[in-house]
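Heads up: the structure comes next, in C-alpha cells.
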Amino acid sequence: MDIAKLTKLPPITVGYRVEPKLPIIPLAMQVSNAGCAASHAHPRGQLIFASNGVMRVLCGKDIWVVPPTQAVWIPSDVEHEVYFPGEVSLRNLFIDPSVTSGLPELCTVIRVSPLLRELILKAVIIGDSYTTESPGFRLMTVILDELEQAERTQLHLPMGRDTRLLRVIEELLKCPGDRRELQEWALFAGASTRTLARLFVKETGLTFGDWRKRLLLQEAVDRLGKGDTVTDVAFDLGYKSLSAFIEMFRKSLGSPPREYLSTKSSNYSQNHFKT
C-alpha cells in the first residue's frame, strides 16, 4: 500500500465532542483509496467497522489489516492512523470516555458477531438524534454490552526499533512473499543469525517465523478483501500448494479464507472469493 498516493481525509470533529448524554455518536462514511492526513487522537474512543471492504490501522508500533468480520477499537486519546486502500463502507462509533471503562485500554481488534453488526448499522441510522429516555439510547447501551463481551483477536503486526531489525522488516513489508530464511536476512541486515533472531523476540515479542506468518496473513486478508483469488494470493506469497496456504490460514485464524472474510449474513453477500 502506497500511503502517499491515497486521498487525504479531513479531520472528523465528532471525536472531540464530550457529551455523556450521548454515549455513542455513530458516523457512516463511504471512502475510496483514502486515509488520514496525519496521526491523531481524540477524547472519544472509536470503534471503526467496515461493513464492506478492508482497512489498515496503525496504532503505536502495531499494524492491523481489518476485514468486514472484524472492527478495531481505539481507546480515548490514543494516537492512530487509518487507511482504506479500496472501496470501503465505513461505520464509526465514537464512544464517550464516561462509558469506556469496560473496554480495552489498548488498541484491539474484535470479532463482529451478526448481532453486533446489525446493532452498529441500526445505530448509524439513529445517529445522534436520541435522548436518554429513548429506544435509541437503550440500543446504544446494548452495543456497549456487546463490545465488552466481544472476542478479541491478535492479528496485529508489531514493529521494532533496532536499525538492523527495521531493515529486514521494511524489506518484508515491501515484498511479503520474499521467502529468504533467517540466515539470509541476517546477512542482509548486517547481523549474526542469533542476533537477528534475538531482536525479533525482544522487540516484537514474536519469533521471526511467527512474525512473518502474521505478515503473510495480513497481506492475504488485504488482497482477498480487494477481490484477488485465493489461488493467486497463495502462490504470490510463496506457497507451493494451495492446500498448504489454506491450511495455514485455517490453523491461524480458525477458518479457511472464504469463510473468514465472509460476513455470514444475507445482508452482506458482496464479498465472494474464488479459488
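The values are calculated or read from the model by the stated rules, or taken from the named source; none is laboratory data. Note that the coordinates shown come from a computational prediction; the quantities given were computed from them, not determined experimentally. Cβ: placed from backbone, ideal geometry, glycine included. Neighbour counts: every protein chain shown.
Scanning the range 216-245 for residues that are over 26 Å from Glu87 (Cβ atoms) and without any contact (Cβ under 8 Å) to a residue 40 or more places away in the chain yields a count of 6. Scanning the range 123-136 for residues that are out of contact with any strand residue (DSSP E or B) (no Cβ under 9 Å at 6 or more places or on another chain) and in a helix (DSSP H, G or I) turns up Pro135, Gly136. Somewhere in the range 197-216, is a residue touching a strand residue (DSSP E or B) at 6+ places or on another chain (Cβ under 9 Å), part of a helix (DSSP H, G or I) and polar (S, T, N, Q)? Yes, because at least one residue in the range 197-216 is touching a strand residue (DSSP E or B) at 6+ places or on another chain (Cβ under 9 Å), part of a helix (DSSP H, G or I) and polar (S, T, N, Q). For the range 43-75, filtering for residues that are in contact with an Asp or Glu (Cβ under 9 Å, 6 or more places away or on another chain), surrounded by fewer than 21 Cβ atoms within 10 Å (Cβ to Cβ) and over 22 Å from Glu87 (Cα atoms) leaves 4. Scanning the range 167-192 for residues that are surrounded by fewer than 16 Cβ atoms within 10 Å (Cβ to Cβ) and more than 22 Å from Gly238 (Cα to Cα) gives Gly190, Ser192. Please specify each residue of the range 221-247 satisfying the condition of being modelled with pLDDT of 90 or more and of a type in the set (A, V, I, L, M, F, W, C). Answer for the range 221-247, where residues must be modelled with pLDDT of 90 or more and of a type in the set (A, V, I, L, M, F, W, C): Val230, Val233, Ala234, Phe235, Leu237, Leu242, Ala244, Phe245, Ile246.
Between Gly127, Gly136, Gly86, the distinction of being assigned by TED's automatic domain parsing to the domain that holds Ala37, crowded, with 17+ Cβ neighbours inside 10 Å and at positive phi belongs to Gly86 only. Of the residues examined, Ile143 is one that is of a type outside the set (Gly, Ala, Ser), in contact with a strand residue (DSSP E or B) (Cβ under 7 Å, 6 or more places away or on another chain), in contact (Cβ under 8 Å) with a residue 40 or more places away in the chain and not in a strand (DSSP E or B).
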